[in-house]
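Undergrad: Quick one: structure below, then a few questions.
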Amino acid sequence: MRVDEHLEKLGNQLDGIDQQLLVLLNERARIAAAIGQRRESLGLPTYDPAREKRKLAELTKQNPGPVDNARLERLFEEIAEVPHEKQRTEGKRQLLVSRKTKSEDTVVRVKDAVIGGSAHVLVAGPCSVESREQMRAVAAAMKSVGLNVLRGGAFKPRTSPYDFQGLGREGLKLLKEVADEFEMVTISEIMSPSQLEYAAEYIDVIQIGARNMQNFDLLKAAGQMNMPVLLKRGIAATLDEFVYAAEYVMAGGNERVMLIERGIRTYEKWTRNTLDISAVPLLKQETHLPVLVDVSHSTGRKDILLPCAKAALAAGADGIMVEVHPEPQAALSDSGQQIDIGQFRAFWSGLSGSGLFKRCT
């Protein structure tokens, strides 16, 4: 078949223009990037949208067609975006929490407790520290089955200002006294930077609760502490927000960070919150930090604690947190979700006997 010479000539012309466009587009991107860098060095924003808008208006006025102005605007907006997108991509900092930064799992060691790695941990204790007798009863039950990480709240951020707010510093003292007696590791929530210094006298692990997950001053201050931090996911926080909250702590120099999924707020009413079980493998995949699951706050129900704990371990969690109180019906906070000593023993028996919980050897 004979090739139409005119058609071939037009095709060659189009190919030549495409080559010129390729060169010009890349040259434009280089110059625009240089402008952005210069503006940044002068303390100006790298991108001047007002100037780009004026330039585009001038171009459309000069447009002879056949490309209509609307399409021309879309093309030039896309072209103008190229160098800035490249700068954003190149300038994006690799997160310290990311598994791309550190491929191996972080393992946090606190006294005799090991969190992360090949073994699991069960953190237990009451929602709030209320008395020495209460704490001793829980600690004794835990110690009898070989568990040594005791939790207890001394500062309680409550929805209502009239609810029990915790014993404060006195609660921390009681927690430490009981932990020392039973040789246990202590975890308690801290609500403000001003509490950190004296709290360090009494506790081994700083817990940052769901309502303080984005308390940036507290996150920064915790980053300056030489203490492990257990960071809870906020009640409506995305995983991005959760991970960046952990990054605040690590950016301060504190690498001993642990994450804990505690359920998120949804439309569901059958449970207190919704346990986002998918968060466990995602966080394990995207970060190198230990990941725990709080089955008490995520469910708010005693009857499903065990299956949810098993599901968490099966999904890859490094540990479980559960609330235990000698007399839940008399508890000053979260009485409905705390289990008593007998229920705790049954919970532990079911969890340890499931084959999913691996003890540290």
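The values are calculated or read from the model by the stated rules, or taken from the named source; none is laboratory data. Because the structure is a prediction, the values reported are computed rather than measured. Cβ placement follows ideal geometry from the backbone for every residue including glycine, while neighbour counts extend to all protein chains displayed.
Undergrad: Identify all residues within segment 289-348 that are of a type in the set (Asp, Glu) and modelled with pLDDT of 95 or more; write none if there are none. Spell out how you get there, then give the answer.
TA: Start the filter on segment 289-348 by keeping residues that are of a type in the set (Asp, Glu), which leaves 294, 303, 318, 323, 327, 334, 340.
Those that are of a type in the set (Asp, Glu) and modelled with pLDDT of 95 or more: Asp294, Asp303, Asp318, Glu323, Glu327, Asp340.
Undergrad: Restricting to segment 124-173, and then to whatever is among the charged types (D, E, K, R) and part of a loop (DSSP other than H, G, I, E, B), can you tell me which residue is modelled with the highest pLDDT?
TA: The initial filter retains those residues of segment 124-173 that are among the charged types (D, E, K, R), namely 130, 132-133, 136, 143, 151, 156, 158, 163, 169-170, 173.
Of the ones still in play, those that are also part of a loop (DSSP other than H, G, I, E, B) are 130, 156, 158, 163.
Numbers: Glu130: 97, Lys156: 88, Arg158: 84, Asp163: 89.
For segment 124-173, the residue satisfying everything is Glu130.
Undergrad: Do we have any residue at all in segment 130-137 that's touching a residue at least 24 places away in the same chain (Cβ under 8 Å), surrounded by 21 or more Cβ atoms within 10 Å (Cβ to Cβ), touching an Asp or Glu at 6+ places or on another chain (Cβ under 9 Å) and of a type in the set (A, V, I, L, M, F, W, C)?
TA: The answer is yes, given that some residue of segment 130-137 is touching a residue at least 24 places away in the same chain (Cβ under 8 Å), surrounded by 21 or more Cβ atoms within 10 Å (Cβ to Cβ), touching an Asp or Glu at 6+ places or on another chain (Cβ under 9 Å) and of a type in the set (A, V, I, L, M, F, W, C).
Undergrad: Please verify whether segment 305-316 includes one or more residues that are part of a loop (DSSP other than H, G, I, E, B) and in contact with a Gly (Cβ under 6 Å, 6 or more places away or on another chain).
TA: So in segment 305-316, the residues part of a loop (DSSP other than H, G, I, E, B) come out as 315-316.
Now narrow it down to the ones that are in contact with a Gly (Cβ under 6 Å, 6 or more places away or on another chain): none.
Looking through segment 305-316, none of the residues is part of a loop (DSSP other than H, G, I, E, B) and in contact with a Gly (Cβ under 6 Å, 6 or more places away or on another chain).
Undergrad: Does segment 340-359 include one or more residues that are surrounded by 17 or more Cβ atoms within 10 Å (Cβ to Cβ), under 18 Å from the mean Cα position of the chain (by Cα) and more than 24 Å from Lys156 (Cα to Cα)?
TA: no
Undergrad: Separate question: Please specify each residue of segment 293-305 satisfying the condition of being touching a helix residue (DSSP H, G or I) at 6+ places or on another chain (Cβ under 8 Å) and crowded, with 21+ Cβ neighbours inside 10 Å.
TA: Selection gives Val293, Val295, Ser296, His297, Ser298, Thr299, Leu305.
Undergrad: Follow-up question, since we're still on this one. Here's a check for you: in segment 222-249, which residue that is part of a loop (DSSP other than H, G, I, E, B) and not hydrophobic (A, V, I, L, M, F, W, C) is surrounded by the most Cβ atoms within 10 Å (Cβ to Cβ)? Can you show your working first?
TA: Taking segment 222-249 and keeping what is part of a loop (DSSP other than H, G, I, E, B), we get 224-228, 233-238.
Retained after the next criterion (residues that are not hydrophobic (A, V, I, L, M, F, W, C)): 224, 226, 228, 233-234, 238.
Numbers: Gln224: 13, Asn226: 8, Pro228: 24, Arg233: 27, Gly234: 19, Thr238: 11.
The qualifying residue surrounded by the most Cβ atoms within 10 Å (Cβ to Cβ) is Arg233.
Undergrad: Next question. Restricting attention to segment 174-190, and to residues there that are touching a helix residue (DSSP H, G or I) at 6+ places or on another chain (Cβ under 7 Å) and assigned to a loop (DSSP other than H, G, I, E, B), which single residue is farthest from Ile115 (Cα to Cα)?
TA: So, considering only residues that are touching a helix residue (DSSP H, G or I) at 6+ places or on another chain (Cβ under 7 Å) and assigned to a loop (DSSP other than H, G, I, E, B), the one farthest from Ile115 (Cα to Cα) is Ile190.
Undergrad: If Gly166 satisfies all but one of (1) within 22 Å of the chain's Cα centre (by Cα); (2) crowded, with 21+ Cβ neighbours inside 10 Å, what's the number of the condition it fails?
TA: Exception for Gly166: condition (1).
Undergrad: If you check Gly152 against the conditions, is it within 28 Å of Arg359 (Cα to Cα), in contact with a Leu (Cβ under 6 Å, 6 or more places away or on another chain) and not aliphatic (A, V, I, L, M)?
TA: Working: within 28 Å of Arg359 (Cα to Cα): yes; in contact with a Leu (Cβ under 6 Å, 6 or more places away or on another chain): yes; not aliphatic (A, V, I, L, M): yes.
For Gly152, the condition - within 28 Å of Arg359 (Cα to Cα), in contact with a Leu (Cβ under 6 Å, 6 or more places away or on another chain) and not aliphatic (A, V, I, L, M) - is met.
Undergrad: For segment 297-312, which positions are more than 14 Å from Ala279 (Cβ to Cβ) and out of contact with any Cys (no Cβ under 8 Å at 6 or more places or on another chain)?
TA: Looking only at segment 297-312, we keep the residues that are more than 14 Å from Ala279 (Cβ to Cβ), and these are 299-307, 309-310.
Scanning segment 297-312 gives Gly300, Arg301, Lys302, Asp303, Ile304, Leu305, Leu306, Pro307, Ala309, Lys310.
Undergrad: Got a sec? Which of Gly36, Gly16, Gly43 is out of contact with any strand residue (DSSP E or B) (no Cβ under 9 Å at 6 or more places or on another chain), loosely packed, with under 10 Cβ neighbours inside 10 Å and either part of a helix (DSSP H, G or I) or without any contact (Cβ under 8 Å) to a residue 60 or more places away in the chain (or both)? Quick ask: steps written out before the conclusion?
TA: Numbers: Gly36 fails: loosely packed, with under 10 Cβ neighbours inside 10 Å; Gly16 fails: loosely packed, with under 10 Cβ neighbours inside 10 Å.
That would be Gly43, the only listed residue that is out of contact with any strand residue (DSSP E or B) (no Cβ under 9 Å at 6 or more places or on another chain), loosely packed, with under 10 Cβ neighbours inside 10 Å and either part of a helix (DSSP H, G or I) or without any contact (Cβ under 8 Å) to a residue 60 or more places away in the chain (or both).
Undergrad: Now for a different question. Looking at this structure, is Ala251 in contact (Cβ under 8 Å) with a residue 60 or more places away in the chain and more than 21 Å from Val110 (Cβ to Cβ)? Explain how you work it out, then say what you get.
TA: Values: in contact (Cβ under 8 Å) with a residue 60 or more places away in the chain: yes; more than 21 Å from Val110 (Cβ to Cβ): yes.
In short, yes.
Undergrad: Same structure again: For Val114, all conditions in the list (1) part of a helix (DSSP H, G or I); (2) within 30 Å of Lys310 (Cβ to Cβ) hold save one; what is the number of the exception?
TA: Of (1) part of a helix (DSSP H, G or I); (2) within 30 Å of Lys310 (Cβ to Cβ), only one is false for Val114: (1).
Undergrad: Of all residues being of a type in the set (A, V, I, L, M) and either more than 21 Å from Leu96 (Cα to Cα) or at pLDDT below 95 (or both) in segment 187-221, which is surrounded by the fewest Cβ atoms within 10 Å (Cβ to Cβ)? Just the residue, please.
TA: We begin by selecting, within segment 187-221, every residue of a type in the set (A, V, I, L, M); these are 187, 190-191, 196, 199-200, 203, 205-206, 208, 210, 213, 218-219, 221.
Filter once more, keeping what is either more than 21 Å from Leu96 (Cα to Cα) or at pLDDT below 95 (or both): 187, 190-191, 196, 199-200, 203, 210.
Working: Ile187: 25, Ile190: 26, Met191: 21, Leu196: 17, Ala199: 20, Ala200: 15, Ile203: 24, Ala210: 23.
Looking at the filtered set, the residue picked out is Ala200.
Undergrad: Something else about it: Scan segment 272-293 and give yes if some residue there is in a strand (DSSP E or B) and either in contact with a Phe, Trp or Tyr (Cβ under 8 Å, 6 or more places away or on another chain) or farther than 25 Å from Pro126 by Cβ (or both), otherwise no. Give the derivation first.
TA: Initially, segment 272-293 is screened for residues in a strand (DSSP E or B), giving 274, 287, 291-293.
Of the ones still in play, those that are also either in contact with a Phe, Trp or Tyr (Cβ under 8 Å, 6 or more places away or on another chain) or farther than 25 Å from Pro126 by Cβ (or both) are 287.
Yes, segment 272-293 has at least one match.
Undergrad: Which of the following residues is assigned by TED's automatic domain parsing to the domain that holds Val121, closer than 28 Å to Leu196 by Cβ and either more than 12 Å from the chain's Cα centre (by Cα) or of a type in the set (Phe, Trp, Tyr) (or both): Gly300, Gly223, Gly234? Walk me through how you get there before you give the answer.
TA: Working: Gly300 fails: closer than 28 Å to Leu196 by Cβ; Gly234 fails: either more than 12 Å from the chain's Cα centre (by Cα) or of a type in the set (Phe, Trp, Tyr) (or both).
Of the residues listed, the single one that is assigned by TED's automatic domain parsing to the domain that holds Val121, closer than 28 Å to Leu196 by Cβ and either more than 12 Å from the chain's Cα centre (by Cα) or of a type in the set (Phe, Trp, Tyr) (or both) is Gly223.
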